[in-house]
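In what follows, a structure is listed as structure tokens, so that the remarks can point back to it.
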Amino acid sequence: MEMMDTLLLSRIQFAANISFHILFPTITIALGWVLVFFKWRFARTGDSVWMEAYFFWVKVFALSFAMGVVSGITMSFQFGTNWPGFAIIFNPSMPYRLVHVLLASGLTVGFLIAGISALRWVMGDRGAEVRKTLRLGAIMGAALIPVQIYAGDMHGLNTLEYQPAKVAAMEGNWETQGNVPLLLFALPDEEARMNRFEIGIPNGASLILTHRADGEVPGLNDFVAEDGTVLHPPVNAVFWSFRVMVGTGMAMLLLSWAALFFMRRGRGIEGLPRPVLWAFLPMAFSGWLATLAGWYTTEIGRQPWLVTGVLSTDAAVGDVPPALVASTLIAYLVIYAALLVAYVSVLVYLARRKAKGTHPTEAGRPVSGAIQSIPAE
Ligand code: HEM
């Protein structure tokens, strides 16, 4: 029992640490390239607006980088104390994961840039810089999301081959069978081993996973040992995390394409209907949401295994007393919550300061205030 508690608490602590840490590399990986792009555009055009964008976003980069480094340090401690049996392993899904996660970073940054720029815009900052960055964010989103959906689909086929129990949980499919629907909604009942309130697209899951309407999809009931031991992951957590990731991806598709459509047809940002412009605000952190949901699908989805069929999670956990794991977990959660609030507040503060045009000069050069740069109409 004691070991079980340590296992569960260590898993929650692992999830808390990695969830917090991953937020920041997800931003810096792609934002670094966006900064290179700003400088390149400035070198090509000599338009100082690109440097203005650079100076704004380099602050976000610096802040995110610092947060990433600091949160990464606690992560390595926690690996050593709680998971002595853990080993990092290359596996057949690694190329799919790499592509999917790099695209996730691009999308996170695209929507962050568009979201913060939309916030500045609604606060009255209508300068050339904010126009360029809002457009850039929307274009990044619109260009990357179809590739991400395709990459996600390929990733799913690979998972079907190597971790079929995870796919069965993602699809909420209990029996191995053909003509499996794509469930848009259901409440998996893990006690009764069935779904309640299913709403699905007939044959959808079979079509996506096997490219045939009657294609066979593995069922969760195949992963129960004769003595009743459940060898598949918790169904609800995986089923719902997967839907949050895919649902967020669909919202990204809808919003970025709608924005591009209206910007082309209309007059740039002014052509955006209010709901489309405002929708970018809550979507500023949509990349984080999809990334965390995707990561939960992956990590909860491989339970009860650390390495499927080879190393079980309980075999890798250390023997730290549960009370100790619980107390460090609480400390982590409090600090992470405070840091997260501080990080988001700084971003909003930077946007507001810029929108008010009260920022000091950058490196001694004057920066055009937002109010001055509203074009005379
Ligand atoms: C919309 C269509 C999408 C599909 C079909 C899809 C599909 C998948 C699949 C099948 C997995 C892997 C489960 C596994 O085998 O471990 C996964 C994981 C993941 N997804 Fe998605 N995904 C989509 C959208 C997104 C979006 C929009 C993001 C982020 C912006 C995202 C971020 C992730 C992340 C970070 C992981 C975990 C990867 C890992 O840790 O190895 N996904 N996705």
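Among the residues making up segment 25-49, those that are of a type in the set (A, V, I, L, M, F, W, C) and surrounded by fewer than 21 Cβ atoms within 10 Å (Cβ to Cβ) are 29, 33, 35, 36, 37, 40, 42, 43, 49. Considering segment 143-158, and only residues there that are touching a Gly at 6+ places or on another chain (Cβ under 8 Å) and surrounded by 18 or more Cβ atoms within 10 Å (Cβ to Cβ), the residue that is farthest from residue 241 (Cα to Cα) turns out to be 144.
Figure legend. Inter-residue proximity from segment 302-317: first residues over 18 Å from residue 79 (Cα atoms), second residues aromatic (Phe, Trp, Tyr), beta-carbon distance below 8 Å, spacing 6+ or different chains. Indicated pairs: 308/162.
Close Cβ contacts (under 7 Å, 6 or more residues apart or on different chains) running from residues in segment 37-65 that are touching a residue at least 40 places away in the same chain (Cβ under 8 Å) to residues that are in a helix (DSSP H, G or I) and polar (S, T, N, Q) comprise 53/133; 64/28; 65/28. May I ask you to list the residues in segment 202-235 that are surrounded by fewer than 16 Cβ atoms within 10 Å (Cβ to Cβ) and of a type in the set (S, T, N, Q)? Answer for segment 202-235, where residues must be surrounded by fewer than 16 Cβ atoms within 10 Å (Cβ to Cβ) and of a type in the set (S, T, N, Q): 221, 229. When residues in segment 146-179 are screened for being more than 10 Å from the ligand (Cβ to nearest atom) and either under 13 Å from residue 97 (Cβ atoms) or in a loop (DSSP other than H, G, I, E, B) (or both), 7 of them pass. Scanning segment 244-263 for residues that are free of Cβ contacts under 8 Å to residues at least 24 places away in the same chain and buried (at least 17 other Cβ atoms within 10 Å of the Cβ) yields 258, 262. In a residue-by-residue description of segment 156-172, the property of being in contact with a strand residue (DSSP E or B) (Cβ under 7 Å, 6 or more places away or on another chain) and either under 27 Å from residue 254 (Cβ atoms) or among the charged types (D, E, K, R) (or both) applies to at least one position.
Has segment 336-355 got at least one residue that is at pLDDT below 80, closer than 18 Å to residue 117 by Cβ and surrounded by 14 or more Cβ atoms within 10 Å (Cβ to Cβ)? Checking segment 336-355: not a single residue is at pLDDT below 80, closer than 18 Å to residue 117 by Cβ and surrounded by 14 or more Cβ atoms within 10 Å (Cβ to Cβ). Of the helices (runs of 4 or more DSSP H) contained entirely in segment 219-338, those carrying at least 2 residues that are closer than 30 Å to residue 80 by Cα and within 16 Å of the ligand (Cβ to nearest atom) fall at 235-265, 286-301.
Checking 61, 65, 20 one by one, the residue that is within 15 Å of the ligand (Cβ to nearest atom), under 20 Å from residue 346 (Cα atoms), within 21 Å of the chain's Cα centre (by Cα) and of a type in the set (Phe, Trp, Tyr) is 20 and no other. Within segment 40-61, being more than 23 Å from residue 343 (Cα to Cα), of a type in the set (D, E, K, R) and in contact with a helix residue (DSSP H, G or I) (Cβ under 6 Å, 6 or more places away or on another chain) holds for one residue alone: 41. Looking only at segment 176-199, residues that are touching a Pro at 6+ places or on another chain (Cβ under 9 Å) and under 23 Å from residue 298 (Cβ atoms) come to 4 in all. Being of a type in the set (D, E, K, R) and away from the ligand (no atom under 11 Å from the Cβ) is the filter here; which residues of segment 95-145 pass it? Once the filter is applied, which keeps residues that are of a type in the set (D, E, K, R) and away from the ligand (no atom under 11 Å from the Cβ), segment 95-145 yields 120, 125, 126, 129, 131, 132, 135. The set of residues in segment 211-222 being at pLDDT 95 or above and either out of contact with any Ser or Thr (no Cβ under 8 Å at 6 or more places or on another chain) or polar (S, T, N, Q) (or both) consists of 220, 221.
The values are calculated or read from the model by the stated rules, or taken from the named source; none is laboratory data. Since we're looking at a predicted model, the values are computed, not measured. Here Cβ is always computed from backbone atoms with ideal geometry, including for glycine, and neighbour counts include all displayed protein chains.
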